[in-house]
Amino acid sequence: LREEFLRVVLVHPGPVILPELGAKLGAYAQQKLAGRKVEIKVNTRVTGVSARGVELSDGSAILTKTLVWTAGTSPNPLLEMLPCPKQRGRLCVNEFLEVPDWPGVWALGDCALVPDRQSGQFCPPTAQHALREGKVLAENLVATIRGGQKKPFLFKTIGQLATIGRRTGVANIMGVNFSGFLAWWLWRTIYLSKLPRFEKKVRVALDWTLDLLFSKDLVQFVTLRSPAMSRPESNRRATDRQ
């Protein structure tokens, strides 16, 4: 596939992509992607999808047979069976991660709508929040059993990172913005530190190092099937008996 055969269109409903990282980093990401000939349509929504293409809210249509849809996370549908109060499909909990008016019922992570006492909003369903919610919930369970003092969940997002390809990234860590190669390097370094087992860390680090020095090795596996059997099954059995 030559470059002129490809057309990539990014449709985003907001004024800038990557709103979680702020307008400045979102604008930087848009600039980089536009430089790679990615068409970006902001303040635009997808209103319909068919076998021929995609219909947009601005009245235009994009002819395509390849659609990549990213719509965020959703809670487990099992939660719909619970009679507990819910919002956005998630269980409503208090600052102690317990469901109000339902003693003994607790929730966290993607299944819960955890209030953020600092911002007045809700905690995002990210791994860095869920891991710490698990620790607080464990302590509160022990405190409830032993009659101790429960601990409210208090945590502020440490940072968010994203890679936008070609060894380029954007990051916001402790309120400080990073972009370009440095953000990409931070993204890889932080996620490498989160991998379990030393052996896995070494393997991934070695693979990433080789990726910096050499071009990507692309391999295509093609499955070929014989159009017909070499001989019918009945003839094969007759031959075997002879």
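The values are calculated or read from the model by the stated rules, or taken from the named source; none is laboratory data. Since the structure is predicted, the reported quantities are computational estimates derived from the model, not experimental observations. Backbone-built Cβ (ideal geometry, glycine too); neighbour counts: all protein chains shown. What goes into the accessible areas is simple: the full protein's heavy atoms, side chains included, and nothing from ligands, DNA or RNA. Shrake-Rupley method; radii C 1.70, N 1.55, O 1.52, S 1.80 Å.
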Seminar exercise, completed: Those residues of region 9-52 that are open to solvent by less than 90 Å² (accessible area, probe 1.4 Å) and closer than 29 Å to GLY159 by Cα come to a total of 30
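Is region 86-109 home to any residue that is in contact with a Ser or Thr (Cβ under 8 Å, 6 or more places away or on another chain), at pLDDT below 90 and farther than 30 Å from LYS32 by Cβ?
If we filter region 86-109 for residues that are in contact with a Ser or Thr (Cβ under 8 Å, 6 or more places away or on another chain), which is where we start, we get 89.
Of the ones still in play, those that are also at pLDDT below 90 are 89.
Cutting the leftovers down to farther than 30 Å from LYS32 by Cβ gives us 89.
Yes, region 86-109 contains at least one residue that is in contact with a Ser or Thr (Cβ under 8 Å, 6 or more places away or on another chain), at pLDDT below 90 and farther than 30 Å from LYS32 by Cβ.
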Exercise. For region 129-164, what are the residues that are in a helix (DSSP H, G or I), in contact with a helix residue (DSSP H, G or I) (Cβ under 8 Å, 6 or more places away or on another chain) and over 22 Å from CYS111 (Cβ atoms)?
Worked result: none
Exercise. Restricting attention to region 52-97, and to residues there that are β-branched (Val, Ile, Thr) and assigned to a loop (DSSP other than H, G, I, E, B), which single residue is nearest to VAL142 (Cα to Cα)?
Worked result: VAL93
For this session: Output the residue which, of all residues in region 37-88 that are farther than 16 Å from LEU10 by Cα and basic (Lys, Arg), is farthest from the chain's Cα centre (by Cα).
Result: ARG52
Seminar exercise, completed: The number of residues in region 107-127 that are touching a helix residue (DSSP H, G or I) at 6+ places or on another chain (Cβ under 6 Å) and within 15 Å of LYS150 (Cβ to Cβ) is 1
For this session: With the condition kept exactly as written, say whether any residue in region 112-125 is open to solvent by less than 50 Å² (accessible area, probe 1.4 Å), of a type in the set (Val, Ile, Thr) and free of Cβ contacts under 8 Å to residues at least 40 places away in the same chain.
Result: yes
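Counting only residues that are in a helix (DSSP H, G or I) and acidic (Asp, Glu), which one in region 176-218 is surrounded by the most Cβ atoms within 10 Å (Cβ to Cβ)?
Keep residues of region 176-218 that are in a helix (DSSP H, G or I), which gives 181-194, 198-213.
This time we only want the ones that are acidic (Asp, Glu), so: 199, 207, 211.
Details: GLU199: 9, ASP207: 9, ASP211: 12.
Going through the qualifying residues, I end up with ASP211.
Are any residues in region 89-103 exposed (fewer than 10 other Cβ atoms within 10 Å of the Cβ) and within 23 Å of the chain's Cα centre (by Cα), and if so, which ones?
Going residue by residue through region 89-103, those that are exposed (fewer than 10 other Cβ atoms within 10 Å of the Cβ) are 101, 103.
If the condition is that a residue be exposed (fewer than 10 other Cβ atoms within 10 Å of the Cβ) and within 23 Å of the chain's Cα centre (by Cα), then no residue fits.
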For this session: Among the residues of region 13-51, write down those that are in a loop (DSSP other than H, G, I, E, B) and among the hydrophobic types (A, V, I, L, M, F, W, C).
Result: VAL16, ILE17, LEU18, VAL42, ALA51
